[in-house]
1. Which condition breaks for G46 when tested against (1) in contact (Cβ under 8 Å) with a residue 24 or more places away in the chain; (2) in contact with a strand residue (DSSP E or B) (Cβ under 9 Å, 6 or more places away or on another chain); (3) open to solvent by 50 Å² or more (accessible area, probe 1.4 Å)?
2. Check region 115-129 and report whether any residue there is under 17 Å from the mean Cα position of the chain (by Cα) and open to solvent by 70 Å² or more (accessible area, probe 1.4 Å).
3. Restricting attention to region 97-149, report how many residues are outside any helix (DSSP H, G or I), at pLDDT 80 or above and among the β-branched types (V, I, T).
4. Hey, can you tell me all the residues within region 44-71 that are outside any helix (DSSP H, G or I) and under 14 Å from the mean Cα position of the chain (by Cα)?
5. Kindly indicate which of R69, R7 is farther than 22 Å from L132 by Cβ and surrounded by 14 or more Cβ atoms within 10 Å (Cβ to Cβ).
Amino acid sequence: MNDNHLRALYGLKYNPFLSSLPPEALWVLPGADIFEHRIQALVTQGGFALITGEPGQGKSKTLQWIAQRLRLMPDLVVGVMERPQSKMADFYRELGELFGVGLTPLNRYGGFKALRTKWKNHCQSTLARPVLLIDEAQEVSSACLTELRLLQSATFDSESLLFTIL
């Protein structure tokens, strides 16, 4: 029996046990659609959102599904951090790559200013905000989370430039 025969036997379009399962084939957890609607409403305001749960409950797949849904929204830049355990220099380098800003770890202040300026210009020219998704956020160091919090706010914390989902 081959893979196609087994999928046909059970009426499956995709093998549900493969990690390369496309987001549109994912089973949506109960309540995830409500969370996704709240995210879409909050994305213009900026800030943080958190997905929590026990291991194996589908947090990563829910984040994958939300990323796919957010990419369908116009004028929205969605970046997915793939190495949350990075040290500060690599954290800045990855943020720069995700949002199209050339950052060097030797000039962190200059990179900080360049990234905030890019986000601020994007926020002023569109109605949406850049969105950062971080899977396995428990691996992010507290120093990187502090930098992220400082990066995403402007004008004495009265203006939020980024929406982050952990």
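1. Single failed check for G46: (3).
2. For region 115-129, residues under 17 Å from the mean Cα position of the chain (by Cα) and open to solvent by 70 Å² or more (accessible area, probe 1.4 Å): absent.
3. The total comes to 3.
4. Applying the first criterion (outside any helix (DSSP H, G or I)) to region 44-71 yields 44-58.
Residues satisfying the conditions are G46, G47, F48, A49, L50, I51.
5. Going through R69, R7 in turn, the sole match is R7.
The values are calculated or read from the model by the stated rules, or taken from the named source; none is laboratory data. Everything numeric here is computed off the predicted structure, so don't read it as measured data. Cβ sites come from the backbone with ideal geometry, for glycine too, and all protein chains shown count toward neighbours. Keep in mind that these areas ignore ligands, DNA and RNA; they rest on the heavy atoms of the full protein, side chains included. Shrake-Rupley method; radii C 1.70, N 1.55, O 1.52, S 1.80 Å.
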